Amino acid sequence: TNSSSNALAADARSLNTLKLQAGKNTPAAIKEAARQFESLFMRELIKSMREATMKSGMLESSGGELGQDLLDQQLAVQMSGRPGGLSDMITRQLMLQTAPTPELPVPQAQVTPAGVANPMPAGPAQAGFITRHEATAARVAQDSGIPAGFMLGQAGHETGWGKHEIKLPDGAPSFNLFGIKAGSGWSGKVAEVRTTEYSNGTANKVVARFRAYGSYEESFRDYARLITQSPRYAQASQQTGSVQAFAAGLQRAGYATDPEYANKLSRAINSTLQLQRARA
């Protein structure tokens with residue numbers, strides 16, 4: 001054991017130094033900080049046990065106390081850092097607290113309407129949107145297996161909780177709540193909307209064709225078909241047990257080109273689920 005480890009283990013005032021060392025976020029630094037925290041804890045434990053059981057005249061002298069303290073320190077250092085011990089538990093906790101959020105790949109396929117990806121949930125608007133569509137979402141969820149809260153959260157995110165729905169040229173609603181584009185296989189009505197599409201992380205304004213429906217329920221059911229029947233979204237459709245996994249699966253499959261889509265969608269779905277639980 002090196003001298004710096006001995007000093008840190010014996011000096012409670014160096015706790016801040018240990019925290020800074022752990023904050024370097026490297027596995028080696030975190031492991032060493034955890035070991036030294038354990039050493040400090042063991043030293044105090046040994047000292048308390050000795051004081052409770054040993055009070056002899058020789059050890060009550062200043063020299064005796066210093067010698068015993070050094071022995072306690074050495075024993076604490078030797079006992080710390082063992083596999084399965086306290087330091088392993090501290091290491092795992094520090095690693096969880098300092099682990100960076102993984103970066104998701106930037107998809108290059110579909111676009112979302114301009115201004116739709118950015119809005120955040122806004123209390124009354126979000127509650128009103130959910131109340132308006134939750135019965136429809138519940139029916140589609142029963143048939144498709146996609147949780148109603150997931151669909152409501154995504155529809156709310158795509159439309160800014162109803163504030164930025166895609167319109168037809170005459171201003172009539174397209175009922176498209178999920179920003180699904182009209183590809184070559186679409187034979188229904190179409191709404192052309194100016195959108196923001198990301199390419200290699202750069203935002204570009206384009207005009208894209210989006211599907212138009214006869215009702216909001218048609219929109220929900222078309223979305224459910226797309227997610228559950230398209231091989232492109234097969235992985236995401238199997239991850240409805242986790243909000244984050246579902247959102248990340250959609251982004252990896254190219255549902256939207258916004259590089260922050262999964263994070264934004266996760267927040268929208270989580271806030272929707274929280275609101276639903278509060279009203280239950």
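A few comments on the model shown:
- Residues in the stretch 185-205 that are aliphatic (A, V, I, L, M) and without any contact (Cβ under 8 Å) to a residue 24 or more places away in the chain were compared, and the one that is least open to solvent (accessible area, probe 1.4 Å) is Val190.
- Residues of the stretch 160-184 that turn out to be open to solvent by 80 Å² or more (accessible area, probe 1.4 Å), part of a loop (DSSP other than H, G, I, E, B) and in contact with a strand residue (DSSP E or B) (Cβ under 8 Å, 6 or more places away or on another chain), as a count: 2
- Top-ranked residue in the stretch 123-145 [being of a type in the set (S, T, N, Q) and surrounded by 13 or more Cβ atoms within 10 Å (Cβ to Cβ); ranked as farthest from Thr240 (Cα to Cα)]: Gln126
- Out of Ala141, Ala114, Ala125, Ala99, sole residue that is at pLDDT 95 or above and not β-branched (Val, Ile, Thr): Ala141
- Restricting the stretch 206-244 to residues that are open to solvent by 30 Å² or more (accessible area, probe 1.4 Å) and touching a strand residue (DSSP E or B) at 6+ places or on another chain (Cβ under 6 Å), the residue that is nearest to Arg139 (Cα to Cα) is Arg209.
- Hits in the stretch 245-265 (condition: buried (at least 20 other Cβ atoms within 10 Å of the Cβ) and under 12 Å from the mean Cα position of the chain (by Cα)): Phe246, Ala247, Ala248, Ala262, Leu265
The values are calculated or read from the model by the stated rules, or taken from the named source; none is laboratory data. Predicted model, so just to flag it, every value in this text is computed and none were measured. Please note: Cβ atoms are built from the backbone with ideal geometry, for glycine as well, and neighbour counts cover all protein chains shown. Please note that ligands, DNA and RNA were not included when accessible areas were found on the heavy atoms of the full protein model with its side chains. Shrake-Rupley method; radii C 1.70, N 1.55, O 1.52, S 1.80 Å.
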